[in-house]
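Notes follow once the structure below has been shown.
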Amino acid sequence: MALLWPALGLVALVILLFVLERRYPDAVGRFEENILAILLAAITFVSFTQVIARYGFNSGWGGALEFTRILFAWMILFGMSYGVKNGIHLGVDAFIRMMPSRLFKLAAIFGAVCVFLYAFILLYAGWMTLVGADVSTNWRQTGAIGYWKFMFDRGTGLDDLRYPLWMQEAFGLQDRVQRWVAYLMLPVGLALLAFRALQGVVSIARGERDLIIAGHEAEDLVAENKDALKE
C-alpha cells in the first residue's frame, strides 16, 4: 500500500500520454523535443555562466555542478523513451537481418519485450516474487518507485542545491532541495521507457516498424547527409 499512490500516478501519466498522443501526435512529439532542448540549453547556460563567473569575477554558484549533473541525468532518463519511440538508439542488427522474415520479426519483438522487462524490473522489482524470483520484499529496495517513495518520506536534502530565501519564507520550505525532487525523473523515465517499449512490441507485431533501434538505418542517415556540411 505504501507504493500504491506513486504507482497510480505513473499509470495515470502513461494513460494521459497515450490519449494525448492518439489525438495530438505532432504536439506530443514537439513537447518531448522541447523538454530535451530546454534541459540541454539549461545545462549549457549554467555551465557557461559558471565559467565566466569563476574565471572572470572569482565568484560562482556553489550548486551549479550538482544542478547540471541532475539535469544531465534527467535528459538521459527522459531521452531513453524518446529514443525508443523514434528508433534512434544505435544497435547491431547484422545477425538478425540474415534471418527469415518471420524469425526476424520474432527477434525484433523479443528485443522490445526485453527492453520492457528491463524498465519494469528497474521500476518495481517486487512483482518478480509472483514468478518465484528471490527479491527483496522491502519496498524501499524493490526499484525506482520504492526508492523515490523512501526519499519522499524522509525529505533528505541534496548536498549543494538550496531553495532561494524568498521561497523558504513564502512556502515554509526547508533549506536544502529534497532529493525526491531530483530523483522524480527516475520512476517517470523508466515508466515512459516501459510504455514506449510496449508500444514498440505492438508496432512491430503489426508490421508498422522493423525494430526499436536504428540499426542499419543509421548508416543510411549518414550516407544521405554526408555532404550536408559542404553545402
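The values are calculated or read from the model by the stated rules, or taken from the named source; none is laboratory data. Only a predicted model underlies this, so the values are computations on that prediction, with no experimental measurement involved. Reconstructed Cβ throughout: ideal geometry from the backbone, glycine too, with neighbour counts over all protein chains shown. These accessible areas exclude ligands, DNA and RNA; they are computed on the full protein's heavy atoms, side chains included. Shrake-Rupley method; radii C 1.70, N 1.55, O 1.52, S 1.80 Å.
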Q) Can you name the residue in segment 156-178 that is among the hydrophobic types (A, V, I, L, M, F, W, C) and touching a Phe, Trp or Tyr at 6+ places or on another chain (Cβ under 8 Å) and is also most open to solvent (accessible area, probe 1.4 Å) among such residues? A) L173
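Considering F18, F45, which residue is in contact (Cβ under 8 Å) with a residue 40 or more places away in the chain, farther than 20 Å from W180 by Cα and assigned to a helix (DSSP H, G or I)?
Numbers: F45 fails: in contact (Cβ under 8 Å) with a residue 40 or more places away in the chain.
Going through F18, F45 in turn, just one is in contact (Cβ under 8 Å) with a residue 40 or more places away in the chain, farther than 20 Å from W180 by Cα and assigned to a helix (DSSP H, G or I): F18.
Residues checked against (1) modelled with pLDDT of 90 or more; (2) within 22 Å of R179 (Cβ to Cβ):
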position: R54; (1), (2): no, no
position: S59; (1), (2): no, no
position: A64; (1), (2): no, yes
position: L71; (1), (2): yes, yes
position: M75; (1), (2): yes, yes
position: H89; (1), (2): no, no
position: V92; (1), (2): no, no
position: F95; (1), (2): no, no
position: M99; (1), (2): no, no
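Quick grid of which residues meet (1) open to solvent by less than 70 Å² (accessible area, probe 1.4 Å); (2) more than 26 Å from G189 (Cβ to Cβ):
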site	(1), (2)
R30	no, no
E33	no, no
L36	yes, no
I43	yes, no
Y55	no, yes
A64	yes, no
T68	yes, no
Q. Yes or no: A53 farther than 19 Å from I70 by Cβ, touching a Ser or Thr at 6+ places or on another chain (Cβ under 6 Å), part of a helix (DSSP H, G or I) and not polar (S, T, N, Q)?
A. yes
Q. Quick one: is V51 farther than 27 Å from F120 by Cα, open to solvent by less than 30 Å² (accessible area, probe 1.4 Å) and more than 17 Å from the chain's Cα centre (by Cα)?
A. no
